[in-house]
1. What are the pairs with Cβ atoms under 6 angstrom where one residue, in segment 95-112, is within 15 Å of L145 (Cβ to Cβ) and the other, located anywhere, is surrounded by 12 or more Cβ atoms within 10 Å (Cβ to Cβ) and among the β-branched types (V, I, T)? Sequence gap at least six, or different chains.
2. Under 21 Å from P144 (Cβ atoms) and surrounded by 15 or more Cβ atoms within 10 Å (Cβ to Cβ): does that describe L80?
Amino acid sequence: MDEVMTAADASSRVRSEPSMIPSNLPLLTAFLSCALAQFLKLFTTWYKEKRWDSRRMLGSGGMPSSHSATVTSLAVAIGLQEGMGGPAFAVAVVLACVVMYDATGVRLHAGRQAELLNQIVCELPPEHPVSNVRPLRDSLGHTPLQVVAGAILGCVVALLMRGSS
């Protein structure tokens, strides 16, 4: 016999469909941490340099590390939601460690090399073929303090998001 779908069945099916707004708490937590860290760079730049620089909201480097905030909040949110014994938490922790190590290692040193190269190019005579090259970006990596600040921010955001849900 054919089944008949009632209006109540149809409305319950619509409610169970995924909404357009993602409800993945770890993902939302990671995005919020990243955005908050980038926003805070406006104020830390002003504190350090006594000038407002809105470009800091989109750039890499600076205090706090948005990369560290993002991966740490993701790992903590997954740990709080699914437990710390699952494979998703293990992947998130390994990802966080790699990202934070890279920020204080390779990217930090690449930024320092860019600073030196820019200084060398500035000291070249104007007739040198490289003297008009656009300067390299030197704000690539993070100091350990910037990475730790980002990680703390990520933990705090994940804990607050978990508490508000």
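Computed from the coordinates by the stated procedures, all read-outs in this text should not be read as laboratory data. None of these values were measured; they are calculated from a predicted model. Cβ: placed from backbone, ideal geometry, glycine included. Neighbour counts: every protein chain shown.
1. M100/V147; A103/V147; T104/V147
2. Spelling it out, it is not the case that L80 is under 21 Å from P144 (Cβ atoms) and surrounded by 15 or more Cβ atoms within 10 Å (Cβ to Cβ).
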